[in-house]
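The values are calculated or read from the model by the stated rules, or taken from the named source; none is laboratory data. None of the values given here were measured: they were computed from a predicted structure. Note that we place each Cβ from the backbone using ideal geometry, even for glycine, and neighbour counts take in every protein chain shown.
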């Protein structure tokens, strides 16, 4: 197995006062170096918990029931906090939904970027280069995310910049440690469509130029389709379907994937009626038996209530977990 | 009758007299010594029985227009006509009387419902404020509204936190249509919801409009949703109208560069081949 990231039968429980949330239920994902994976799903499906677990910043009280997350031949779930400091930000970086929340409003962009660069040297136990070199590195990082007037931006405070600009800066910070893997958790959700298009283009360019591997999390199928070569569809803590974006989006096999795509209004607007998925997402303290989608599934039969469907291959790089998958 | 109104009526026939029309609406906010023109000279007509969409990016002024139309914030200048009456001139009891005919649904259903009130009392509130309906008749009305939004009658005893986002938004819609208004202003009603729930709400709104003979003013930043739901559309940017027309015409052949940029920015999903 030469995959850069390998998640194997990963199960995660989160104890709460009301009971144990079975938040991830046997996740299998493999991702090659330089590839892009979009994880799509609705709120509460576990996509953010999964992303945070890869980064080692999952919920503190979460309990791993089974499985491993292996990155670059290292089992991440067995790292000590000291070991994590040599992985987080250096090998794996993350950007988040709301760029304002992750910047300190009291410090200039230059100061924050400078601190990130300095911290990377400290975490790796290396002597930091001269201050002027680190400042030059700040400028190069901003150029990498296509910010033109670097001097003005370095002197600015976060509130003086637009949402799109702030997201570029967070991407620059994420790239400071030259990571192999970038996790983007809803990177464009808080942004207007025109800005969203620019950020997606920037990420696309980084994948092509730097050979960056990206895991992007989103509920927006359009944004996922714009960036990802491969797609994993999550529902209630399980990956129901996974494969190339083209294959999944043009020929979805799982009833949930179909329902999700049919629920999206089409901007080309050829007046095809919307179809809603009946019901609501299940409570993960007491998830439905068998296939977790069965109570809402138009194709469900007795076996769906009894047995969890095995993930099986239905084409070149296309797997589905369903007893009654479409052909 | 003004010349504009005459022109409209000769063009489209007298039955197309707008239910709501706004002329030259402007809102200036005074912030820290600086004036900010949130809305600048916006005119629009909402035809009865139709859905007019206002689409724009954040800060375009679309929500401010919605709130001015409802008289929730006062326009700095301009005029709003509702059913041929000058709404901007109304105040006090006259305004209160008109309010029952125009209702608004907000973006975030989680903050639009009082967490300490049951769903039943949330839906009953418009009747208490605007009518003399009480007692058994009120109970009957509340249950009928729960029926319209396809929620079980027993939901009237529940509290907002026990409901999902989509269910809460349906409660907000039930409350808004309780007094059978003629105009429903929907300010990003599905933006806080998941796509499968969004589809449920959009289908419900389409069905409800026909059943209750409603007219919608639909505010959204989501171009695909506007395309799907609206007969006519107004594109706003920086407080001004950039372009307006029938939804099909605007989306198929936008005249303005800004509209085209907006439409082209929406990522396309490869078509389903089923």
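Things to note:
- When restricted to residues that are within 11 Å of another protein chain (Cβ to nearest Cβ) and surrounded by 19 or more Cβ atoms within 10 Å (Cβ to Cβ), region B:238-249 contains 1.
- Any hit, region A:59-68, residues being crowded, with 17+ Cβ neighbours inside 10 Å and within 17 Å of the chain's Cα centre (by Cα): no
- Here residue A:238 clears all of (1) more than 10 Å from chain B (Cβ to nearest Cβ); (2) free of Cβ contacts under 8 Å to residues at least 24 places away in the same chain except the condition numbered (2).
- Complete set of residues in region A:269-287 that are facing another protein chain (nearest Cβ under 10 Å) and either closer than 19 Å to residue B:164 by Cα or surrounded by 16 or more Cβ atoms within 10 Å (Cβ to Cβ) (or both): A:269, A:274, A:275, A:276, A:277, A:278, A:279, A:280, A:281
- Qualifying residue in region B:101-112 (condition: surrounded by fewer than 20 Cβ atoms within 10 Å (Cβ to Cβ) and more than 23 Å from residue B:206 (Cβ to Cβ)): yes
- Per-region count, region A:243-253, residues buried (at least 20 other Cβ atoms within 10 Å of the Cβ), under 21 Å from the mean Cα position of the chain (by Cα) and either within 7 Å of another protein chain (Cβ to nearest Cβ) or assigned to a loop (DSSP other than H, G, I, E, B) (or both): 2
- Residues satisfying the stated conditions in region A:223-232, i.e. under 23 Å from residue A:193 (Cα atoms) and surrounded by 22 or more Cβ atoms within 10 Å (Cβ to Cβ): A:223, A:224, A:226, A:227, A:228, A:230, A:231
- Strands (runs of 3 or more DSSP E) fully within region B:1-105 counting 2 or more residues that are modelled with pLDDT under 95: B:20-31, B:34-46
- Set B:184, B:202, B:179: member being out of contact with any strand residue (DSSP E or B) (no Cβ under 7 Å at 6 or more places or on another chain), more than 14 Å from chain A (Cβ to nearest Cβ), surrounded by fewer than 24 Cβ atoms within 10 Å (Cβ to Cβ) and in contact (Cβ under 8 Å) with a residue 24 or more places away in the chain: B:179
- Criterion violated by residue B:215 - all others in (1) in contact with a helix residue (DSSP H, G or I) (Cβ under 7 Å, 6 or more places away or on another chain); (2) surrounded by 20 or more Cβ atoms within 10 Å (Cβ to Cβ); (3) touching a residue at least 40 places away in the same chain (Cβ under 8 Å); (4) over 28 Å from residue B:36 (Cβ atoms) satisfied: (1)
- For region A:43-94, the set of residues classified as in contact with a helix residue (DSSP H, G or I) (Cβ under 6 Å, 6 or more places away or on another chain) and under 14 Å from residue A:21 (Cβ atoms) consists of A:58, A:64, listed by residue number.
- Entirely in region B:150-249, the strands (runs of 3 or more DSSP E) that have 1 or more residues that are over 11 Å from residue B:54 (Cα atoms): B:183-187, B:215-220, B:240-246
- Scanning region A:183-215 for residues that are at negative phi, touching a residue at least 60 places away in the same chain (Cβ under 8 Å) and within 14 Å of chain B (Cβ to nearest Cβ), we see that the one that is surrounded by the fewest Cβ atoms within 10 Å (Cβ to Cβ) is A:189.
- From the list A:292, A:305, A:258, the one residue that fits, being assigned to a helix (DSSP H, G or I), away from chain B (no Cβ under 14 Å) and either surrounded by 15 or more Cβ atoms within 10 Å (Cβ to Cβ) or modelled with pLDDT of 95 or more (or both), is A:305.
- Residue selected from region B:206-230 under the condition touching a strand residue (DSSP E or B) at 6+ places or on another chain (Cβ under 7 Å) and over 18 Å from residue B:244 (Cβ atoms), by the criterion farthest from the other protein chains (Cβ to nearest Cβ): B:214
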